[in-house]
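The values are calculated or read from the model by the stated rules, or taken from the named source; none is laboratory data. Just so you know, these numbers come straight off a predicted model, no measurement behind them. Here Cβ is always computed from backbone atoms with ideal geometry, including for glycine, and neighbour counts include all displayed protein chains.
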Amino acid sequence: MSSATAAASTRVVLTDMGVIHVAGRDARALLQGQLSNDLLRLTPEQSLLAALNTAHGRVVAVLRLVQRADGIFAILPLTLVTKVIAALGKYILRSKVALSDESSQLAVVGVLGAGTRQSILVPRAELTAPSPANTLERWRLAGIETGEPQVHLETSEMFVAQMLNLDLVDGVSFTKGCYTGQEIIARTQHRGRIKRRMLRYRVRGAALPGRGEQVLLDGGRIGRIVESAARNADEGEILAVVPLDASDRDSAESSLRRLEVERLPLPYAVPDLA
């Protein structure tokens, strides 16, 4: 980051994010066998987005991996740290791997610049003051704008990777070989049309829905909320997983809350969107 960019950046302490340290000789091999992306691509200069999935291909958590001299660090929602450590720990067996929750020692700090959004790890002892609440909302809004999904406790195991567009934001490798959930994710990609995708909407004149909530959106589509954030007092934005076919609607769900929305573009193309 240049000095000019750094001067214009906003730093946000992401109080809802945690950190898992994956250390030991076999750390990379363990993650290679469990996560959706290719760990060979992870370098000290390049972080990596990846999903941890169930055997049925449902996303347990979305991780941002960072490599440092003392091991690999996974950034993820704080509410999922214990669940992810337990899930990964089942596969350690005799491997030389140690998993630890470093959330009390390392803070996740979001850096918002001109068209940039990245997270860094900072020792908590170096933090001087909490971030204002509105900057945390700005971070979430920037995430919606980039179309990069996050899974929280409320939505863990609800979606397969393609529903969250993880294949469109470089969060899945289709060449790396086997990992937990790989068979379902590969079959979804190569053998059938993907029926649901994550889309971005502007919401006006209504309380924003919560993560995991089902609502009625444009054309009667039923959407499942991935993330929401307020832009101002009168409007906000959401990411929601919806049917790609506008005719795919369920009249039995007419009791769901209907939102006045406007579909907004994502920075990548969504295939098969009707």
Single residue of segment 69-110 satisfying the filter (of a type in the set (Asp, Glu) and in a loop (DSSP other than H, G, I, E, B)) that is surrounded by the fewest Cβ atoms within 10 Å (Cβ to Cβ)
70
Every residue in segment 11-50 that is free of Cβ contacts under 8 Å to residues at least 40 places away in the same chain and farther than 25 Å from residue 165 by Cα, please.
44
Selection within segment 51-62 - touching a Leu at 6+ places or on another chain (Cβ under 9 Å) and over 11 Å from residue 166 (Cβ atoms)
52, 60, 61
Test for residue 100: is it assigned by TED's automatic domain parsing to the domain that holds residue 65, out of contact with any Lys or Arg (no Cβ under 7 Å at 6 or more places or on another chain) and modelled with pLDDT of 95 or more:
yes
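Yes or no, residue by residue, for (1) exposed (fewer than 14 other Cβ atoms within 10 Å of the Cβ); (2) at pLDDT 95 or above; (3) touching a Leu at 6+ places or on another chain (Cβ under 6 Å); (4) part of a loop (DSSP other than H, G, I, E, B):
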| position | (1), (2), (3), (4) |
| --- | --- |
| 6 | yes, no, no, no |
| 11 | no, no, no, no |
| 15 | yes, no, no, yes |
| 21 | no, yes, no, no |
| 28 | no, yes, yes, no |
| 31 | no, yes, yes, no |
| 44 | yes, yes, no, yes |
Out of the residues in segment 122-145 that are assigned to a helix (DSSP H, G or I), of a type in the set (A, V, I, L, M) and surrounded by 13 or more Cβ atoms within 10 Å (Cβ to Cβ), state the one that is farthest from the chain's Cα centre (by Cα).
136
Can you name every residue in segment 16-32 that is under 16 Å from the mean Cα position of the chain (by Cα) and either within 13 Å of residue 105 (Cα to Cα) or among the small types (Gly, Ala, Ser) (or both)?
17, 18, 19, 20
Odd one out for residue 186, checked against (1) more than 26 Å from residue 134 (Cβ to Cβ); (2) touching a residue at least 24 places away in the same chain (Cβ under 8 Å); (3) aliphatic (A, V, I, L, M)
(2)
Determine whether residue 66 is touching a residue at least 60 places away in the same chain (Cβ under 8 Å), assigned to a strand (DSSP E or B) and within 16 Å of the chain's Cα centre (by Cα).
no
Out of (1) touching a helix residue (DSSP H, G or I) at 6+ places or on another chain (Cβ under 6 Å); (2) on the phi > 0 side of the Ramachandran plot; (3) small (Gly, Ala, Ser), the odd one out for residue 24 is which?
(1)
